[in-house]
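Okay, so here's the structure we're looking at.
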Amino acid sequence: MTDATSSAKAAVRRELRAARRAAVATRDRDADAVAIAAAVLAGCVDTVADGATVAIYRSLPTEPPTDALAAELHARGLPVLVPVLLPDKDLDWCRLLADGSTGPALGPDAIARAAVVVTPALAVDVSGARLGQGGGSYDRALRRRAPGALVVAVVGDDELLPGPLPAVGHDVRVDAVVTPGRGMLRLPIAAPVAGGR
């Protein structure tokens, strides 16, 4: 990665993190959680084979919430994987149980079991470029996904941007984005996104 790209990514991350912290108090997290779950289920999970594994993340307080999604996946009897950050910033995977506990570590290659991978992001642009937290964890993990697995990023309504976001060759693009207010959108999107930065 060039110094210019690295600096551009850091600047955009700072801006997005500040905006997210400011917006979190204004959001109805329960309503957002329900909307996100409904969009992911209708947009992709309902189209995969019965019993398909879905990989999600456990959202932090400032991230769009995924708790309702986990509950809905469990209600449908689908296996759910969640990541565990390793010391080298790679991701291991565990089965998320209905009671919120996790099973044993399954190894970094367990992501290949998932038909759908729901990823966190600070922002996504209309081309599918995803800006993460900067550790490269998901970019590494997504290279091990199954061929044909659908990669869906979850962001706030104002975090789907016309772009372009700064990106380099090892950044993995996403297939779709979900926001609480817009639902699921397949990427790339040709038209500009209203309301983005």
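The values are calculated or read from the model by the stated rules, or taken from the named source; none is laboratory data. Keep in mind that this is a model prediction, so the values were computed, not measured. Neighbour counts run over all protein chains shown; Cβ positions are idealised from the backbone, glycine included.
Annotations
- Residues considered: L106, L142, L85, L131. Of these, the only one that is on the phi < 0 side of the Ramachandran plot and touching a Ser or Thr at 6+ places or on another chain (Cβ under 7 Å) is L85.
- Residue list for region 1-34, restricted to those being surrounded by fewer than 13 Cβ atoms within 10 Å (Cβ to Cβ) and more than 20 Å from the chain's Cα centre (by Cα): T2, D3, A4, S7, A11, A22, A25, T26
- Test: residue in region 85-107 that is touching a residue at least 12 places away in the same chain (Cβ under 8 Å), of a type in the set (A, V, I, L, M, F, W, C) and in contact with a Gly (Cβ under 6 Å, 6 or more places away or on another chain): yes
- Those residues of region 123-147 which are of a type in the set (V, I, T) and either at pLDDT below 95 or farther than 22 Å from L60 by Cβ (or both), in sequence order: V126
- If only residues of region 35-77 that are farther than 26 Å from P147 by Cβ and of a type in the set (S, T, Y) are counted, the one that is surrounded by the fewest Cβ atoms within 10 Å (Cβ to Cβ) is T62.
- In region 135-149, the residues that are in contact (Cβ under 8 Å) with a residue 24 or more places away in the chain and closer than 13 Å to A112 by Cβ reach residues that are of a type in the set (S, T, N, Q) and not in a loop (DSSP other than H, G, I, E, B) with C-beta atoms within less than 8 angstrom, at least six apart or across chains, in these pairs: L142/T119.
- Considering region 111-197, the qualifying strands (runs of 3 or more DSSP E), each wholly inside and each with 1 or more residues that are surrounded by 23 or more Cβ atoms within 10 Å (Cβ to Cβ) and out of contact with any helix residue (DSSP H, G or I) (no Cβ under 6 Å at 6 or more places or on another chain), run over 114-120, 123-125, 150-154, 176-179.
- For region 111-127, taking the residues that are small (G, A, S) and closer than 13 Å to P83 by Cα, the one that is nearest to the chain's Cα centre (by Cα) is identified as A114.
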